[in-house]
Structure formats: C-alpha cells, structure tokens
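Working notes, structure below.
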Amino acid sequence: MNVPEKQHRRRKKSKHFERSIIREFSAEIMIGIIFFFGIFLLYEEMEIKTYVFEGVVSDFQYITHGISHFMSTLLGRAEEYETSDIVGSTLIFIAFNLLISRIRQKSILILSELTECPECGDDLVLVHRNVFQRIYGFVFRVKIRRFHCQSCDYDGLRVRSPKSI
C-alpha cells in the first residue's frame, strides 16, 4: 500500500525586512505634524486656543491636585515611623535581595554542568522534581532539572538560568 509522505510546510526564507518610508520616518512625520499644528494654532482666528488652554490648565490642576493628595497621604504615614526604621527596613530589604541573588549565582555555578553521572559515567534519566525543588526554582528564578542514574542510583540536580536552554 502506497502511503503518501507527509508534506512539511516550508518556512519562507527570511528576507531582509525592508521598512516603508512611513515606518522609517514616523518620528519625523509626527514632529512635522506637531509643528504645523502649532503654527495653525498661532494663526487661526477660531477660539481653539482658549479651549486648548483651558483644557491644559484644568488637566494640569487635576494632576497637581492628585500628586499633592498622594504626597500628603504618604508623608502623613511616614510621620508615624522614625527615620531609622525606614533606613533599617530598606537595608534589610537590600540585604535580602543581595542574598537571594548570591544564592542564585552560586547554585547556577555549582550545579550547571550535570550531563552524565559523575559516579559511573552513564546517561542520566530526567525525573520529577519534588515540591521543595519547585519552590526553590520559583524563588530563585532558575530552571531546576532533577536526574537519576539507573546504574548506580545517583540523584542529582542541574540548575540553569531561565534564559539558557
């Protein structure tokens, strides 16, 4: 029985993407439109200037009122804490982030080269990670793979950055 072969879709060869003039000069076109709109607003006899000015002023007042309200709320809360409390909390936060970064770097450096069993040299089989390894991978933003050697019962981990394959 003659079975037809699967026809694979061929991907088009990637050609050098040629940008259109509008895409290439979009920033310059936008600058030109803004410039000519500004000239139009200077020389027109309608009351667009008044409406635009009132709109800009009211928007500016709304934004400054919001910022003022936010800052007064923030500073009101900040008065409850001493400066040393804020600085101490910031230092603890920085130290915690540096510690996590250092543990991540060390684990990638130490556990990144597992390709064959270090005890007998046989191939390793990928097995499921446990809950602790999943949490560790999530907290330290690393890919963890757990391997097992069927010859000598070796269990090991390979840790890599999420960006690497």
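With P(r) over Cα pairs in 5 Å bins from 0, in percent defined as stated, name the option among (i) 1, 7, 9, 12, 15, 17, 14, 12, 7, 3, 1, 0, 0; (ii) 1, 7, 11, 13, 9, 7, 6, 5, 4, 4, 3, 3, 3, 3, 3, 3, 3, 3, 3, 2, 2, 1, 0, 0; (iii) 1, 6, 7, 7, 6, 6, 6, 8, 10, 10, 9, 8, 6, 4, 3, 2, 1, 0, 0 computed from the structure displayed. Matching the structure shown: (iii).
Comparing TYR51, LEU75, ILE63 along the charge dipole axis of the stretch 21-78, the residue lying farthest to the positive side is LEU75, per the Cβ-charge model.
Say a paramagnetic label sat at a point 7 Å from the Cα of ALA95, along Cα to Cβ; which residues of the stretch 136-151 have their backbone N under 20 Å from it? Within reach of a label on ALA95, which here means backbone N under 20 Å from a point 7 Å along Cα→Cβ, the stretch 136-151 contributes nothing.
For the stretch 60-108, the Cβ-based charge dipole about the Cα centre amounts to some 480 debye (Lys, Arg positive; Asp, Glu negative; other atoms uncharged).
Put a plus charge on the Cβ of each Lys and Arg, a minus charge on the Cβ of each Asp and Glu, and nothing anywhere else: the dipole of the stretch 64-165 about its Cα centre is then about 360 debye.
Farthest toward the positive end of the dipole of the stretch 97-165, out of PHE147, LEU114, GLN133, is the Cα of GLN133, where the dipole comes from beta carbon charges about the Cα centre.
Screening the chain for DSSP H helices whose Cα atoms reach 24 Å or more along their own axis and whose mean Kyte hydropathy is at least 0.0 gives 26-43, 48-78, 83-110.
Which order do peptides 109-122, 21-34 fall in by mean Cβ count within 10 Å, highest first?
Working: 109-122: 13.1, 21-34: 10.3.
Per-residue Cβ counts within 10 Å, averaged per peptide and sorted highest first, yield 109-122, 21-34.
For the stretch 21-78, what log10 I(q)/I(0) values come out of the Debye formula at q = 0.29 1/Å, with one point per alpha carbon and no solvent? Debye curve over Cα of the stretch 21-78, log10 I(q)/I(0) at q = 0.29 Å⁻¹: -1.04.
Here the relative contact order of the chain, from alpha carbon pairs under 8 Å that lie six or more residues apart, stands at 14 percent.
Any read-out appearing in this document is the output of simple, stated calculations on the displayed coordinates, not a laboratory observation. These numbers were taken from a predicted model, which means no experiment stands behind them. With ideal geometry, Cβ positions are generated from the backbone for all residues, glycine too; neighbour counts draw on all protein chains shown.
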